[in-house]
Amino acid sequence: MRRSIMIALLALLALVVAAPTALAQGGPPEDFNLDVVVPAKDPTAEGSLGCDFALRVVITGKSKTIELPNGGFIVTAPGQNVTVTNVDTGEEATFNITGSTFASAPDKDGIVSNVITGRNLAFDPAGVFLNIGRFTFALDQSDPEDPTVFEQQEGKGQAIDVCELLS
């Protein structure tokens, strides 16, 4: 469950991906609210995501998932904000995260390529980042119960280290 939550968070994306994907294709974005505590990163687990401390993530705003004919999807997040809180210290920060996520259909090996643009909260083995720009990453979803990072995020733009900011 922990890994699934963090993979979902990977692109704020991805928390949005945790929202129902059956939103009406032609309708406007719908209200989206999420409040979850992500456990501290496990230093003994390969590919563990997050910070060295538990992080509360509260997302509010609107979201829409557009399913593509090839099995991929696009997630938009207009007017969305996230408040992240270091559960140990109470230190918090709020960010506007109005970016988009483009995910491919899984390839023959179960790899899903993702492109995040704009402003997104991204979880990665290196930490948690507010990414502003265009970043890519890939997930191995051959085992849907245990998705893993296939390619860490990289891209052009600004990556603000949220873990450092809240520590």
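Only the coordinates and a few stated rules stand behind these numbers; no lab work does. This is a predicted model, so every value here is computed, not measured. Neighbour counts are summed over all protein chains in view; Cβ atoms, including those assigned to glycine, are modelled from backbone coordinates with ideal geometry.
With a point put 7 Å past each Cα toward its Cβ, work out how far Val36 is from Glu92 in nm, to one decimal.
Going from the Val36 label point to the Glu92 one covers 1.9 nm.
Filter the chymotrypsin sites (Phe, Trp or Tyr not before Pro) in region 31-106 to those in DSSP coil with at most 14 other Cβ atoms within 10 Å of their Cβ, and list the result.
Numbers: sites: Phe32, Phe53, Phe73, Phe95, Phe102; in loops: Phe53.
The qualifying sites: there are none.
Using 0.36 nm per residue of separation minus the Cα-Cα distance, give me the extension gain between Asp143 and Asp107 in nm, one decimal. It would help to have the intermediate numbers written out before the result.
Details: separation 36, 0.36 × 36 = 12.96 nm, distance 1.31 nm.
Length gained, Asp143 through Asp107: 11.7 nm.
Please work out the Cα center distance from region 124-153 to region 74-88, rounded to the nearest Å.
So the separation of the two Cα centres works out to 17 Å.
Around Asp88, what is the net charge, scoring Lys/Arg as +1 and Asp/Glu as -1 over all other residues with Cβ under 15 Å from its Cβ? Mind dumping the intermediate values first?
On the way: positive: Lys41, Arg56; negative: Asp52, Glu91, Glu92, Glu164.
With Lys, Arg at +1 and Asp, Glu at -1, the net is -2.
Straight-line reach from Lys41: which aspartates and glutamates have Cα under 13 Å away, leaving out those fewer than 8 places along the same chain?
Here the aspartates and glutamates satisfying the reach criterion relative to Lys41 are Asp52, Asp124.
At 7 Å along the Cα-to-beta-carbon direction for both Asn81 and Thr44, put a label point, then send me their distance in nm to one decimal.
4.0
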